[in-house]
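One structure is given below, encoded as structure tokens.
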Amino acid sequence: MPTRNEALALLKSYNGPALVNHGLAVEAAMSHFAKLFDENPSYWGMVGLLHDLDYEKFPEQHCYKSKEILQENGFDDDFIRAVMSHGWEICTDVEPKSKLEKTLYAVDELTGLVVACALVRPSRSTKDLEVKSVKKKFKQASFASGVDREVIQKGAQMLNMQLDEIIQEVILALRPIEEQIGLGIKN
């Protein structure tokens with residue numbers, strides 16, 4: 001299994017800054033949830049980091065090209081299955097089954113929404129971002145219109161968690177890394 005630094009280098013070799021930042025955000029969320037669920041935060045985090053590995057260069061082969069790249073780089077079948085599962089009913093038929101897969105499915109799109117919500121705040125930060133603000137933007141379809149709200153809701157149901165609780169945990173997960181992903185920095 002490659003190291004985290006090798007995984008980050010792999011991600012950067014296929015993606016520009018925006019998708020690298022998204023990978024870092026999902027990594028933080030996945031590590032955070034792994035701790036909540038008493039799972040391996042390093043492993044879960046790396047799945048989050050690499051979940052969109054192929055998206056920028058191979059959008060038409062999303063998840064399938066990742067499978068090939070991850071196999072070539074020594075990732076195990078469970079890791080690859082987890083990455084594939086985040087595209088369930090979007091671009092793959094790999095249904096999220098494990099807690100890891102369900103969590104990735106739930107937090108991927110939500111992480112993007114939380115980042116978008118932070119960016120429109122005067123502080124550009126998650127540190128003063130509240131669940132109610134994210135929920136308000138969640139209901140506004142024109143805001144961050146690329147975020148699939150239905151996927152977020154299905155993910156919350158899979159985890160048997162309330163949407164408010166998942167939003168709160170994603171906000172908490174992003175706070176320690178916000179500057180690394182371009183948040184909290186005023187232009």
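Among 93-102, 122-131, 40-49, the peptide with the highest mean count of other Cβ atoms within 10 Å heads the list, and the full ranking is 40-49, 93-102, 122-131. Express in whole angstrom the spacing between the alpha-carbon centres of the stretch 124-172 and the stretch 1-66. If you average the Cα positions of each part, the centres end up 20 Å apart.
Of all lysines in the structure, the ones whose alpha carbon falls short of 18 Å from that of K139, not counting any fewer than 8 places away in one chain, are K154. Taking one quarter of the surface of the C-alpha convex hull of the stretch 148-187 gives a mean projected area of 3.6 nm².
Give, to the nearest whole percent, the P(r) tail of the stretch 88-152 beyond 15 angstrom, counting all Cα pairs. Summing the P(r) tail past 15 Å for the stretch 88-152 gives 55 percent. The trypsin sites (Lys or Arg not before Pro) of the stretch 132-187 meeting both criteria, a DSSP state outside H, G, I, E and B (loop) and at most 14 other C-beta atoms within 10 angstrom of the site's C-beta, are K186.
Computed across the chain, the Kirkwood hydrodynamic radius from all distinct Cα-Cα pairs reaches 16.3 Å.
Note on the stretch 4-181: dipole from Cβ charges, positive end direction compared against A141, S42, C91; the farthest Cα belongs to A141.
All of the numbers you see were taken from the coordinates with simple rules; none came from a lab. This one's a predicted model, so the numbers in the text were calculated from it and none came from an experiment. Methodologically, a virtual Cβ is constructed for each residue, glycine included, from the backbone with ideal geometry; neighbour enumeration extends over all protein chains shown.
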